[in-house]
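A quick write-up on the structure given underneath.
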Amino acid sequence: MANHKSSEKRIRQTETRNEHNRYYAKTARNAVRDLRATTVKADAEAMLPKVNAMLDKLAKNNIIHKNKASNLKSSLALHVNALA
């Protein structure tokens, strides 16, 4: 248990930030999953910039690592380019 007012506040802030970060990370994971499941090239090309922007924002705010975002963006671009 927290013994100081400042540590109680820190616990509240951490829970709020964790909830916020978890929501946006999950949203991005769902977007990546949906893009990978897409088989129509036109739809995938339309989704790719939005997903890339989501990943860049998560990396900028240290929700995911910048290299993970880069690897995901690369693999998604390969997937979209491979669609016929």
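Looking at region 58-84, I want the residues that are farther than 14 Å from ALA44 by Cβ and have a partner that is exposed (fewer than 11 other Cβ atoms within 10 Å of the Cβ) and β-branched (Val, Ile, Thr) with Cβ atoms under 7 Å, at least 6 apart or on another chain. Which pairs are those?
Pairs found: none.
Give just the number: which of (1) in contact with a helix residue (DSSP H, G or I) (Cβ under 6 Å, 6 or more places away or on another chain); (2) surrounded by 12 or more Cβ atoms within 10 Å (Cβ to Cβ); (3) not basic (Lys, Arg) does HIS20 not satisfy?
Answer for HIS20: the failing condition is (1).
Please find, within region 35-61, the residue that is surrounded by the fewest Cβ atoms within 10 Å (Cβ to Cβ) out of those that are farther than 12 Å from VAL80 by Cβ and within 10 Å of the chain's Cα centre (by Cα).
Top of the filtered list is ALA53.
Are there any pairs, at least 6 apart or on different chains, whose C-beta atoms fall under 7 Å, with the first in region 2-15 and free of Cβ contacts under 8 Å to residues at least 40 places away in the same chain and more than 26 Å from ILE63 (Cα to Cα) and the second exposed (fewer than 10 other Cβ atoms within 10 Å of the Cβ) and among the small types (Gly, Ala, Ser), and if so, which?
Filtered contacts from region 2-15: no entries.
Read-outs throughout are calculated quantities, based only on the coordinates presented, and are distinct from any laboratory measurement. If you're wondering where the values come from, they're calculated on a predicted model, not measured in any experiment. Cβ sites come from the backbone with ideal geometry, for glycine too, and all protein chains shown count toward neighbours.
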